[in-house]
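Down below is the structure, laid out as structure tokens.
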Amino acid sequence: MPSDTPILSLENLSKTFAVRPVFGRASAVNALRNVSLDLLPGRALALVGESGSGKSTFGKMIVGVHAPTSGRILFEGNDISGMTAKADQKRYRQAVQMVFQDPFSSLNPAHTIRHHLLRALALHQPEADPDTALQAILKDVELDPASTPGKFPHELSGGQRQRVNFARALAVKARMIVADEPTSMLDVSIRKSVLGLMQRLKSEHGLSILYITHDIATAEYLAEDTAVMFRGQVVEKGPTSQVVGNPQHGYTKLLRAAGPNPEVRLTGSDAGFAAQAKLVREASTQVVSALCEINPGHFIAEHTEMAHV
Ligand SMILES: Nc1ncnc2c1ncn2[C@@H]1O[C@H](COP(=O)(O)OP(=O)(O)OP(=O)(O)O)[C@@H](O)[C@H]1O
Ligand SMILES: [Mg+2]
């Protein structure tokens, strides 16, 4: 039974990027504004929202690619910025692994799959017999343990390469995976099987998953909880059954109706969509002043006017 104590808590996270001056004028992008979310062990949290809403920035802050401008990241209750001991930092980096959209990006084309995985196993499971552990991990991610180890990344399909990335997370004994659009570069026909693999990693290995996606429909398949981001802010969050099944914020309704391509509906001519889109345009000039709990665990944003965007 999964525990209700978060493995990771994000408290009031904000990220402002300085943008290089154009014609002498420096500016800034508020990529994330005051985002608070909890990830529970053995569960998946879907982070959905259109392009540029801040999803990847959020994922990258969790794995330490970007430092927050303000706010805190707590791993099992401990602020990661206060982890000064090398051993604690190593434990966190090992526990939280990222899987990227492009399955090639984290594989070295010059090395076989065996090399990639044995390296991870030697560092993180030195007590295990490497070849036995390698075989077990490949079976776990549904790759052929006989033919896969000797192959180079370019000799695998996109879906198989993504499976190697999940295998690497198992090899380092990750406890949580940040998966940033892990299926969007894959052929439509194999997306479902990779989602199925993530589902199994969660239920059989107890891994927690932050699943970043444009596609709100896949959140229903994988994630117990869903948070909806709009322009760097969370506008709705809670159990997926409520957020996706019965959305309450105008933007979530729009995303839900749009399916995997939210851009389409933002310009839709249908009167219902036009009304929702107006609401969304208005919301974009406002900040989320508070999240209001409308049902147990289900929150939606209350907006107030912003002095400047
Ligand atoms: N390193 C950076 N420097 C400056 N601005 C950045 C940087 N990274 C992201 N941004 C800006 O922050 C905002 C959020 O970007 P982010 O990549 O997090 O969006 P996203 O929701 O992941 O979008 P997509 O769905 O297209 O991947 C965008 O306006 C983006 O241009
Ligand atoms: Mg992104």
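No lab work stands behind these numbers, since they all come straight from the coordinates. Here the structure is a predicted model, which means the values were calculated and not measured. Because the Cβ atoms are built from the backbone with ideal geometry, glycine has one as well, and the counts that use them run over all protein chains shown.
If you stretched the chain out fully between Ser289 and Phe104, how much longer would it get, using 0.36 nm times the residue separation minus the C-alpha to C-alpha distance?
Working: separation 185, 0.36 × 185 = 66.60 nm, distance 4.04 nm.
Additional length available on full extension: 62.6 nm.
I need the calculated FRET efficiency for the pair Ser203 and Arg20, taking r as the beta carbon distance and R₀ as 30 Å, to the nearest 0.05.
Working: r = 46 Å, r/R0 = 1.52.
It comes out at approximately 0.05.
What's the exposure ranking of Thr226, Thr69, Thr183, Thr218, going from fewest to most Cβ atoms within 10 Å? Please report the intermediate quantities before stating the final value.
Details: Thr226 28, Thr69 16, Thr183 24, Thr218 21.
Starting with the residue having the fewest Cβ neighbours, the order is Thr69, Thr218, Thr183, Thr226.
Over the Cα atoms of segment 76-188, what Rg and Dmax result, in angstrom?
In Å, with Rg to one decimal and Dmax whole: 14.7, 44.
Can you figure out the FRET efficiency of Lys192 with Gln125, using R₀ = 41 Å and their beta-carbon distance, to the nearest 0.05?
On the way: r = 30 Å, r/R0 = 0.74.
Here the calculated transfer efficiency is 0.85.
Given the DSSP H assignment, sum -39500 (n - 2.57) over each helix run of at least 4 residues in the chain and divide by its residue total; what's the result at 222 nm in deg cm²/dmol, nearest 500?
On the way: 11 runs with 111 residues, N = 309.
Rounded to the nearest 500, the figure is -10500 deg cm²/dmol.
Averaging sequence separations of C-alpha pairs under 8 Å and six or more residues apart, then dividing by the length of segment 1-121, give the relative contact order as a whole percent. Show your work: numbers first, answer last.
Values: 149 pairs, mean separation 32.0, N = 121.
RCO, segment 1-121: 26 percent.
In nm, what is the difference between 0.36 nm times the number of residues separating Lys139 and His154 and their Cα-Cα distance? The partial results should precede the final answer.
On the way: separation 15, 0.36 × 15 = 5.40 nm, distance 2.02 nm.
Net length gain for the segment: 3.4 nm.
Arg114: net charge of surrounding residues, Cβ under 10 Å, Lys/Arg +1, Asp/Glu -1, itself excluded?
Working: positive: Arg119, Lys151; negative: Asp131.
Counting the neighbours of Arg114, the net charge comes to +1.
Sorted from fewest to most neighbouring beta carbons within 10 Å, what does the list Lys15, Lys60 look like? Can you show the working numbers first?
On the way: Lys15 22, Lys60 16.
The fewest-first ordering by Cβ neighbours comes to Lys60, Lys15.
Considering Cα pairs under 8 angstrom that are at least six residues apart, work out the relative contact order of the chain and quote it in whole percent. List each step's numbers first, then the result.
Working: 592 pairs, mean separation 59.8, N = 309.
Once divided by the residue count of the chain, the mean separation gives 19 percent.
Answer rounded, prolate or oblate for segment 38-80, using the Cα gyration tensor with square roots of eigenvalues a ≥ b ≥ c: rounded when a/c is under 1.5, else prolate when a/b is larger than b/c, else oblate.
On the way: a/c = 2.42, a/b = 1.16, b/c = 2.09.
The shape class here is oblate.
Divide the volume of the convex hull of the Cα atoms of segment 1-102 by its number of residues and quote the answer in cubic angstrom per residue. Working shown, then result.
On the way: hull volume 14.1 nm³, N = 102.
Output value, Cα hull per residue: 138 Å³.
Ranked highest first by the average count of other Cβ atoms within 10 Å around their residues, in what order do 166-179, 91-104 fall? List each step's numbers first, then the result.
Values: 166-179: 23.4, 91-104: 19.2.
Top to bottom by mean Cβ count within 10 Å: 166-179, 91-104.
Send over the semi-axes of the chain's equivalent ellipsoid, whole angstrom and largest first, taken as the square roots of 5 times the C-alpha gyration tensor eigenvalues. Let's see the in-between values first.
Numbers: eigenvalues 241, 96, 74 Å².
For the chain, the ellipsoid semi-axes come out as 35, 22, 19 Å.
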